[in-house]
Structure formats: structure tokens, C-alpha cells
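Worksheet for the structure shown next.
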Amino acid sequence: MTEQELADKIRAGDRRALARGITLVESRREDHRPSAEKLLDLLMPRTGKSIRLGISGPPGVGKSTFIEAFGQYLIDEGHKIAVLAIDPSSKISGGSILGDKTRMTELAKRKEAFIRPSPAGETLGGVARRTREAMLLCEAAGFDVVIVETVGVGQSETAVAEMTDMFLLLLSPGGGDDLQGVKRGVMELADLLIVNKADGDLAAAAERTASDYAHALRLMHALHADWQPSVVKCSALKSEGMVAVWDKVQAFRKATAKTGEFDTRRSEQAKNWLWQEVNDGLLERLKSDPDLADRLLRLEAKVTQRKASPAAAARSLLSSFFKGLDD
């Protein structure tokens, strides 16, 4: 199948073609990159019309359960949902379980939903290296709400906030000390805080937790000129509170569109993506340069033996690399 044929099928909403396209752009094979880039160029005019939501939260908070309930609510409202679920990769074997789809069985049955688990690999920030490309392909296939679920292995996965329109932080009911478990940096990036599991015996605890976080938010500087982050409660298990969450998402989009911040943020994200690709490309070229292989090993030995500082070794390596390009 040519890139044009694949692009036509993706534009027509063919889910198999979309999965195949994402596999292509995620491929680490160098000979696949030209085809992946051509496919993206063909689809770019059809992108940019969705709302991109990043969802993070500590382990056990119920991210998958929330996304399933939220996704089904949105489908019932007439939307098409794409979920890009990022799974942590083992530092030992490099493998990932990729079990998110099995935790969203009801949502996976809906023809208006597309769920794609991807390994984080070596990429930091709670996302996969090609998550941006995958989002664009989903938009080109007609999905108007794209959700990126981070790995959720801690609270350093802030990169998702730099590639989505709105960052949602999911929280569990807890006591006052629970507030200490969420890093300030992630809270400052959050556009909406959602206290999940607000049902049954946990209803009262959820109310207290929501109050604690609402108070904490008042002490923080707002990221947007016309939007103040707030806290809502929900029960993903009972599919309650989804209306309130979606109302907040729509209000956020309207507020940021009014000030022009929505489009400005998208433009900044595109520039950041460009420089990320430049950084990644230079690093790959540096590591694969056969002329520098021996020098790199010698510098690594000097650093580990404390005969040279990492900064000086890096500067020496870069100097040799760029000198080779000039030659």
C-alpha cells in the first residue's frame, strides 16, 4: 500500500489503516521514516480540529475506568473518541504490558472509539516519542476528542501538558496528607483537577479532598489569562460526574479561544515539536557516527574514572562531531 492509499483510507475513517499508520510513524527503523513523514504531510490538512486532552494521575486512581466512562458519555453525545494510552517500559527488558485496552473493554466495543496502547520506551515525561504523530493521525481519521493517558508511574510525567490543549489531573479521595503526595509542579500545570471515586464510603472523603485541593489551587498562579483551574468530583465506576467534566472542558476551550491562547498554544507546541525532533535527530546521528565511536568510548572511560568532567567530555565530543560536519 502506498502512502497515498494509506492516507486515503485513514481519511475515510478506516480503523485498520489508522492502526497501520500509527505503527508506521512509531517505527524506529530508519528506512520507515521517509514513508512516515510523507504520510504525515499528506494528512496534515485534515488535522487540528479536535480537542486534545492529557490525563494523568497516580497509580490506582482509576484513569482507565474514568476514560472508559468519560469516553462512553462523549460517544452518546455524538463525539468520536481516540485514546492513546502510554504504558511504562521496563528498563531491564525494554518490554511493555500494553494492557490498557483490556481495561476499557466496553469502550473498545464502540465503533466510535479507537484505543491504541503504546510503549513509553526511553522517552521521559509520561508519553511515547511519537505520541504527537499518533494524535495527528487520529484527528485526520475524524476523531474529534483525542485523549492521551500518561504512564502514571509518578508525578514527573509533565510532557503531556506540552502537547495537549487541556491537562486533567485525576486524584483519589484521601486525608489532608494526601495533598503532599502530588508534586506542586504537576498541580501548577493542571487545568482541571478531578477527584475520582466520589461514591459510597468514599463520598465524604472525596468532598474533603476536593475542598483541600480547591484551597491549594487558590495559592497558585493561574497559567491562563481567562481560566482559573478548579476541582470537580466524579465516580467513574458509576459513570457520575461526566457532564461536569465535559462542561469544564468546553468552558476551557471557549475561554482560551476567546483570548487567542488556544491557537497560540498550538503554535508553540508545533515549535517545541520541531526542536524536539532536532534534538533527537542530532543525538541519534551522534551515537551512530562511526568516526566518533572510539572517541565516545574513551571519553566515557575518562568520565567514569573521574579523569574528566561530563561537561568537558561532552563539549569535546560535540566539537569533534561538528568539525567532522564542516570537513
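The values are calculated or read from the model by the stated rules, or taken from the named source; none is laboratory data. Everything numeric here is computed off the predicted structure, so don't read it as measured data. Neighbour counts are summed over all protein chains in view; Cβ atoms, including those assigned to glycine, are modelled from backbone coordinates with ideal geometry. Each accessible area value is taken on the protein alone, full model and side chains, heavy atoms only, with ligands, DNA and RNA left out. Shrake-Rupley method; radii C 1.70, N 1.55, O 1.52, S 1.80 Å.
Screening W275 against (1) touching a residue at least 24 places away in the same chain (Cβ under 8 Å); (2) under 30 Å from A134 (Cα atoms) leaves a single unmet condition, (1). Among the residues of region 217-239, is there at least one that is open to solvent by less than 80 Å² (accessible area, probe 1.4 Å), part of a helix (DSSP H, G or I), at pLDDT below 95 and out of contact with any Lys or Arg (no Cβ under 6 Å at 6 or more places or on another chain)? So far as region 217-239 goes, yes, one or more of its residues are open to solvent by less than 80 Å² (accessible area, probe 1.4 Å), part of a helix (DSSP H, G or I), at pLDDT below 95 and out of contact with any Lys or Arg (no Cβ under 6 Å at 6 or more places or on another chain). Selection of helices (runs of 4 or more DSSP H) fully inside region 244-327 by the criterion of at least 1 residues being open to solvent by 90 Å² or more (accessible area, probe 1.4 Å) and under 30 Å from L74 (Cβ atoms) returns 261-288. Within region 1-59, restricting attention to residues that are of a type in the set (V, I, T) and surrounded by fewer than 17 Cβ atoms within 10 Å (Cβ to Cβ), the residue that is farthest from V160 (Cα to Cα) is T2. Each residue in region 65-83 was checked for being in contact with a helix residue (DSSP H, G or I) (Cβ under 9 Å, 6 or more places away or on another chain), within 16 Å of V145 (Cα to Cα) and not in a loop (DSSP other than H, G, I, E, B), and 13 of them qualify. Return a yes/no flag: does region 184-191 have any residue that is in contact with a Ser or Thr (Cβ under 8 Å, 6 or more places away or on another chain), modelled with pLDDT under 80 and farther than 27 Å from G48 by Cα. Checked against the condition, which is being in contact with a Ser or Thr (Cβ under 8 Å, 6 or more places away or on another chain), modelled with pLDDT under 80 and farther than 27 Å from G48 by Cα, region 184-191 yields at least one hit. When region 183-216 is filtered for residues that are under 23 Å from the mean Cα position of the chain (by Cα), in a helix (DSSP H, G or I) and among the charged types (D, E, K, R), the ones remaining, listed by number, are R184, E188. Filtering region 195-210 to residues that are out of contact with any Gly (no Cβ under 8 Å at 6 or more places or on another chain) and open to solvent by less than 70 Å² (accessible area, probe 1.4 Å) leaves V195, D199, G200, A203, A204, A206, A210. Restricting attention to region 22-56, the residues that are out of contact with any strand residue (DSSP E or B) (no Cβ under 9 Å at 6 or more places or on another chain) and among the aliphatic types (A, V, I, L, M) total 8.
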